[in-house]
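Note sheet for the following structure.
The values are calculated or read from the model by the stated rules, or taken from the named source; none is laboratory data. This one's a predicted model, so the numbers in the text were calculated from it and none came from an experiment. So basically every Cβ, Gly included, is an ideal-geometry build from the backbone, and we count neighbours across all protein chains shown. Heads up: the accessible areas ignore ligands, DNA and RNA and are worked out on the full protein's heavy atoms, side chains in. Shrake-Rupley method; radii C 1.70, N 1.55, O 1.52, S 1.80 Å.
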Amino acid sequence: MTTGKKFNPKKIHKLTDPERKAFQDPDLIWDTLDLTAPEVLIDIGAGAGFFAMPFSDKIPEATVYACDTAPELTGWMEENIPATYEGRIRVIRSEENSVPLASGIADLVYMINLHHELDVPLTMLEENWRLLKPGGCILIIDWKKEETPMGPPVSIRIAQKTVSEQLQQTDFQMVTEHDLLEYHYFVTARKPRP
Ligand SMILES: C[S@@+](CC[C@H](N)C(=O)[O-])C[C@H]1O[C@@H](n2cnc3c(N)ncnc32)[C@H](O)[C@@H]1O
């Protein structure tokens, strides 16, 4: 079951708006991650590929799985992601709490502007864990739980502290809150090696 928190695909222009780079710059986000030769990235809640495309540009040899539950958005990505990304970005229709990909394949799993939309965040974090390689990184970026000039209602936003606690509950390690973005928090953590 989905809820009224979900992004309305009719507002896709909000996801493709280049003005977003002023406060959610994919290059800045990428540089902060400091990944070592990643081979597989999984973008959960990829929307219109606003992050999948610039991240793929950084690592042309890698595969970026752009996953979304909304058929309007997976369809949009299939039609509009330029052919230059063929074989590098793979669009995947996922389910609310599961992503149809093999376990232990990802160097980075990221969810950007998604956490407040999740029906069962802990279950989705467990799914992130399943998808990651040992030593792999999870990145969560979402709207700060305070008034900002745009974004979803504050009442449905999830506080950064809650996200960090949920990551710890899911046994992620090195949970780190980065003070980087004006309107968003930015949390990373690692799946430990055995
Ligand atoms: C606010 S949009 C953000 C899109 C993209 N991350 C961005 O920032 O440009 C949230 C996206 O997550 C998708 N979504 C919602 N729940 C999801 C879930 N459980 N798994 C995967 N995608 C989901 C929505 O369809 C929507 O495309």
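Of the heavy-atom accessible surface of segment 26-72 (probe 1.4 angstrom), what whole percent is carbon and sulfur? Intermediate values should be presented prior to the final figure.
Details: 820 of 1790 Å².
Roughly 46 percent of what the probe reaches on segment 26-72 is carbon or sulfur.
Over the chain, what is the mean sequence separation of C-alpha contacts under 8 Å (at least six apart), divided by residue count, expressed as relative contact order in percent? Walk me through the numbers before you get to the answer.
On the way: 337 pairs, mean separation 34.6, N = 194.
With pairs under 8 Å counted, the relative contact order is 18 percent.
Using θ = phi - 60° and the Karplus relation 6.51 cos²θ - 1.76 cosθ + 1.60, list the HN-Hα couplings for segment 155-164 in order, rounded to whole Hz, with x at every Gly or Pro.
So the Karplus estimates, Gly and Pro as x, are 4, 9, 6, 10, 5, 3, 4, 5, 4, 4 Hz.
Between the alpha-carbon centers of segment 59-80 and segment 10-34, tell me the distance in whole angstrom.
Between the Cα centres of segment 59-80 and segment 10-34 lies a distance of 16 Å.
In debye, nearest 20, what is the charge dipole magnitude of segment 9-190 about its Cα centre with +1 on Lys and Arg Cβ and -1 on Asp and Glu Cβ, if you could check? Walk me through the intermediate numbers first.
On the way: 16 positive and 30 negative charges, 26 e Å.
That gives segment 9-190 a dipole magnitude of about 120 debye.
Probe radius 1.4 Å, ligands and nucleic acids left out: which of 68, 27 has the largest accessible area, and how do the rest follow?
Details: 68 15, 27 70 Å².
Per-residue accessible area, sorted high to low, gives 27, 68.
Please give the length that would be gained between residue 22 and residue 177 if that part of the chain were fully extended, namely 0.36 nm times their separation in residues minus their C-alpha to C-alpha distance (nm, one decimal). Intermediate results must be reported in sequence, preceding the final value.
Working: separation 155, 0.36 × 155 = 55.80 nm, distance 2.05 nm.
That works out to 53.7 nm of additional length.
Roll a 1.4 Å probe over the protein chains and send me the accessible area per residue for the chain in Å². Mind showing how you got there, number by number?
Working: 9530 Å² over 194 residues.
Per residue, the chain has 49 Å² of solvent-accessible surface.
Shape verdict for segment 23-75, please, from the Cα gyration tensor: rounded (a/c under 1.5), prolate (a/b greater than b/c) or oblate. Mind dumping the intermediate values first?
Details: a/c = 2.42, a/b = 1.50, b/c = 1.61.
In terms of gyration-tensor shape, oblate.
Which sequence of 111, 174 reflects their accessible areas, 1.4 Å probe, from the largest down? It would help to have the intermediate numbers written out before the result.
Values: 111 0, 174 135 Å².
Descending accessible area places them as 174, 111.
Note down the accessible area of residue 95, probe 1.4 Å, to the nearest 10 Å².
110 Å²
Order 90, 130 by their accessible area, 1.4 angstrom probe, all chains in place, largest first. Mind showing how you got there, number by number?
On the way: 90 115, 130 70 Å².
Final ranking, largest accessible area leading: 90, 130.
Return a whole-number percent for the relative contact order of segment 41-123, with Cα pairs under 8 Å and 6 or more residues apart as the contact set.
Reported relative contact order: 36 percent.
Roll a 1.4 Å probe over the protein heavy atoms and report the accessible area of residue 161 in Å², nearest 10.
140 Å²
By the scheme Lys and Arg +1, Asp and Glu -1, what is the net charge of all other residues having a beta-carbon under 12 Å from that of residue 110? All intermediate terms of the calculation are to be shown ahead of the outcome.
On the way: positive: none; negative: 43, 107, 142.
Once all neighbours under 12 Å are counted, the net charge is -3.
Subtracting the Cα-Cα distance from 0.36 nm times the residue separation, let me have the gained length for residue 98 to residue 10 in nm, one decimal.
Full extension of this stretch gives 29.3 nm more.
Of the options 183, 153, 194, report the single residue whose Cα projects farthest towards the positive end of the charge dipole of segment 144-194 (beta-carbon charges: Lys, Arg +1; Asp, Glu -1).
194
Within segment 151-174, whose backbone N sits under 18 Å from a point 7 Å along Cα→Cβ of residue 34?
Of the residues in segment 151-174, 173-174 have backbone N under 18 Å from the label point off residue 34.
So, counting K/R as plus one and D/E as minus one, what does the shell of residues with Cβ under 14 Å around residue 174 add up to?
Numbers: positive: 190, 191, 193; negative: 34, 171, 177.
Net local charge, residue 174 excluded: 0.
Kirkwood Rh and Cα-based Rg: tell me the resulting Rg over Rh for segment 9-190, rounded to two decimals.
Details: Rg = 15.1 Å, Rh = 16.4 Å.
That ratio equals 0.92.
Residues with beta-carbon under 11 Å from that of residue 31, excluding residue 31: net charge, scoring Lys, Arg +1 and Asp, Glu -1?
Working: positive: 58; negative: 25, 27, 34.
Surrounding charge for residue 31 is -2.
In this model, which of 5/145; 5/144; 10/144; 21/144 are farther than 20 Å apart at the alpha-carbon?
Details: 5/145 15 Å; 5/144 16 Å; 10/144 24 Å; 21/144 17 Å.
Violating the 20 Å limit, Cα to Cα: 10/144.
Kindly write out, for segment 179-194 in residue order, the coupling ³J(HN,Hα) from the Karplus curve 6.51 cos²θ - 1.76 cosθ + 1.60 (θ = phi - 60°), rounded to whole Hz, with x marking Gly and Pro.
Values per residue, Gly and Pro as x: 8, 10, 10, 5, 10, 10, 8, 9, 10, 10, 7, 10, 7, x, 7, x Hz.
Can you run phi through the Karplus equation (6.51, -1.76, 1.60; θ = phi - 60°) for segment 126-139 and list ³J(HN,Hα) in whole Hz, with x for Gly and Pro?
Listing the rounded values in order: 5, 5, 4, 4, 4, 6, 7, 5, x, x, x, 10, 10, 10 Hz.
Please work out the Cα center distance from segment 130-175 to segment 177-191, rounded to the nearest Å.
After rounding, the separation between the Cα centres reads 8 Å.
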